[in-house]
Amino acid sequence: HNRIVSLMGMAFISGAVIASAAEFKNLFNGKDLSGWKGDLSYWSVKDGVIFGETTPEHPTGGTFLVWDGGEVADFEITLKARYEGNNSGLQYRSVIANAERFTVNGYQADLHPSHDFFGMMYHQGEGRGIVAKRFEQVEVDDKGQKKVVKTFGDKSIKWDASEWNELRVVAVGNRLIHQINGITTVYVTDNH
């Protein structure tokens with residue numbers, strides 16, 4: 001499940017970079033959606049950033065913009081994002097569930113209006129839902145049961161979703177880390 005890096009919701013994305021071993025690769029050229037696929041009635045490039053928008057007249061049940069540049073194994077990705085409305089996020093280690101609607105199943109570094117969920121890990125599809133809330137270290141056993149090992153961090157931190165926030169995801173084997181503006185928000189070991 002290492003094929004897809006995707007973006008969802010109404011978002012502005014700038015400077016997506018992915019690293020595998022010591023090699024960094026820019027995923028977005030700042031001009032157009034070359035190397036990406038998705039429903040272009042939602043996705044475009046404006047002022048050098050990836051822009052996704054839903055409206056009351058053009059809603060979505062969760063369509064994604066999918067990076068189509070190959071497969072990755074262990075990786076690190078860093079990007080800046082801001083959004084307005086319900087939520088947005090970065091989907092990774094995912095598979096396409098519906099190729100016509102560009103829906104996916106897999107991990108999501110969720111950017112959510114509730115501060116308890118900003119930077120959390122959500123598992124899109126397959127009925128898993130929230131894997132780890134913000135500032136939780138979670139272990140998932142081989143049967144899919146999750147256990148919060150510990151909580152950490154300063155829960156008073158509040159990020160403004162309408163401002164640029166740096167999102168970093170590190171995925172090494174079954175260890176998955178999300179960071180917002182350099183602060184670790186979740187650390188998950190998934191044995192399922």
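One table, with the values for the structure above:
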quantity	calculated
Region 45-55, subset of a type outside the set (Val, Ile, Thr) and either over 14 Å from LYS80 (Cβ atoms) or without any contact (Cβ under 8 Å) to a residue 24 or more places away in the chain (or both), residue least open to solvent (accessible area, probe 1.4 Å)	GLY52
Boolean, GLU76 is within 17 Å of the chain's Cα centre (by Cα), at pLDDT below 90 and not β-branched (Val, Ile, Thr)	no
Residue match in region 87-99 (condition: within 17 Å of ASN174 (Cα to Cα), of a type in the set (Ser, Thr, Tyr) and in contact with a Phe, Trp or Tyr (Cβ under 9 Å, 6 or more places away or on another chain))	yes
Lone unmet requirement of (1) at pLDDT 90 or above; (2) open to solvent by 60 Å² or more (accessible area, probe 1.4 Å); (3) of a type outside the set (Val, Ile, Thr) for HIS58	(1)
Entirely in region 77-190, the strands (runs of 3 or more DSSP E) that have 1 or more residues that are open to solvent by less than 70 Å² (accessible area, probe 1.4 Å), over 26 Å from THR55 (Cβ atoms) and among the β-branched types (Val, Ile, Thr)	88-98, 129-132, 136-140, 146-151, 165-172, 175-180, 183-190
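Here is a yes/no grid of residues against (1) modelled with pLDDT of 75 or more; (2) polar (S, T, N, Q); (3) surrounded by 12 or more Cβ atoms within 10 Å (Cβ to Cβ):
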residue	(1), (2), (3)
MET10	no, no, yes
PHE28	yes, no, yes
ASP32	yes, no, no
LEU65	yes, no, yes
GLY70	yes, no, no
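The values are calculated or read from the model by the stated rules, or taken from the named source; none is laboratory data. Here the structure is a predicted model, which is why all the values come from computation and not from measurement. Quick reminder, even Gly has a Cβ in these numbers, built from the backbone with ideal geometry, and neighbours come from all protein chains shown. Ligands, DNA and RNA are excluded from the accessible area calculation, which covers all protein heavy atoms including side chains. Shrake-Rupley method; radii C 1.70, N 1.55, O 1.52, S 1.80 Å.
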